[in-house]
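**Q** Provided herewith is a single structure, encoded as structure tokens, for subsequent inquiry.
The values are calculated or read from the model by the stated rules, or taken from the named source; none is laboratory data. A quick note: this is a predicted structure, and the numbers were derived from the prediction, not measured. Don't worry about glycine lacking a Cβ; one is built from the backbone with ideal geometry, like all the others, and counts go over all protein chains shown.
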């Protein structure tokens, strides 16, 4: 399979789910289209390290789908906020918070529909796929080596970030996810012998980092909410996030 074919499959998954998401804000569709784009964006790193004038000649092609990614991200965040708040708030307080989230989802969905009216998705997918076809004509061993270098650099970034007194676990989450998607690319497209345990470990760590991120987003919204969330629930949420972060640090061998 060519790399551009693999990317195109992800972009088709994105487009199919975007249709469902634009129709009825389907939660699974929002999730799946964003995962597909995250895979494409991870593979885009290969273009960044192999194309000298990437910012001028390549980067603009990603702007339309990047905009869709950001808009759907707001919808996705508020869908997760609703799910997590429902598990942690009594009915009366949840009802008020739910109203706030639903209003934001509705307004952002309207923005998404408006933006999609001016974006020819099929044409944009074709353009992005064509950009990745540049890599098809390069030697496979060169692409493999470049991809492994990206994964190694991410690992170094993670190690350095862990030493920082103001460690940014959001960046670590992104690097771990990108490592997962690049390992999967190497295994599926370039038939590299990547151990299942490596992919499983990255997947589990990425999932934990995602759960922690979701708790932090919920905490931010509760602290800044106009719905007057009881401080006891905020404290309980802080403790939950702290325990999860300690577990993550353990996995990263920080403790």
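**Q** Which one of the conditions (1) farther than 21 Å from residue 117 by Cα; (2) at pLDDT below 95 does residue 61 fail to meet, given that it meets all the rest?
**A** (1)
**Q** Ok, one more. Within the group 229, 248, 234, which residue is within 20 Å of residue 164 (Cα to Cα), surrounded by 12 or more Cβ atoms within 10 Å (Cβ to Cβ) and over 17 Å from the mean Cα position of the chain (by Cα)?
**A** Details: 229 fails: within 20 Å of residue 164 (Cα to Cα); 234 fails: within 20 Å of residue 164 (Cα to Cα).
From the options 229, 248, 234, the qualifying one is 248.
**Q** Ok, one more. Can you pull out the residues in region 205-248 that are without any contact (Cβ under 8 Å) to a residue 24 or more places away in the chain and over 21 Å from residue 95 (Cα atoms)?
**A** Scanning region 205-248 gives 207, 238, 239, 242, 243, 246.
**Q** Can you name every residue in region 197-211 that is buried (at least 19 other Cβ atoms within 10 Å of the Cβ) and over 13 Å from the mean Cα position of the chain (by Cα)?
**A** From region 197-211, those buried (at least 19 other Cβ atoms within 10 Å of the Cβ) are 202, 205-206, 209; that's our starting set.
Hits for region 197-211 are 202, 205.
**Q** For region 185-196, which positions are buried (at least 17 other Cβ atoms within 10 Å of the Cβ), touching a residue at least 60 places away in the same chain (Cβ under 8 Å) and outside any loop (DSSP other than H, G, I, E, B)?
**A** Answer for region 185-196, where residues must be buried (at least 17 other Cβ atoms within 10 Å of the Cβ), touching a residue at least 60 places away in the same chain (Cβ under 8 Å) and outside any loop (DSSP other than H, G, I, E, B): just 185.
**Q** Of (1) in contact (Cβ under 8 Å) with a residue 60 or more places away in the chain; (2) under 22 Å from the mean Cα position of the chain (by Cα); (3) exposed (fewer than 14 other Cβ atoms within 10 Å of the Cβ), residue 150 satisfies all except one. Which?
**A** (3)
**Q** Now a separate question. Among residues belonging to region 101-142 that are out of contact with any helix residue (DSSP H, G or I) (no Cβ under 6 Å at 6 or more places or on another chain) and farther than 23 Å from residue 29 by Cβ, point out the one that is surrounded by the most Cβ atoms within 10 Å (Cβ to Cβ).
**A** Among them, the one singled out is 134.
**Q** Please verify whether region 87-100 includes one or more residues that are under 23 Å from the mean Cα position of the chain (by Cα), surrounded by 14 or more Cβ atoms within 10 Å (Cβ to Cβ) and either in contact (Cβ under 8 Å) with a residue 60 or more places away in the chain or farther than 30 Å from residue 226 by Cα (or both).
**A** So far as region 87-100 goes, no, none of its residues is under 23 Å from the mean Cα position of the chain (by Cα), surrounded by 14 or more Cβ atoms within 10 Å (Cβ to Cβ) and either in contact (Cβ under 8 Å) with a residue 60 or more places away in the chain or farther than 30 Å from residue 226 by Cα (or both).
**Q** Scan 38, 70 and give me the residue that is in a helix (DSSP H, G or I) and either closer than 16 Å to residue 214 by Cβ or touching a helix residue (DSSP H, G or I) at 6+ places or on another chain (Cβ under 6 Å) (or both).
**A** Working: 70 fails: either closer than 16 Å to residue 214 by Cβ or touching a helix residue (DSSP H, G or I) at 6+ places or on another chain (Cβ under 6 Å) (or both).
Only one candidate qualifies: 38.
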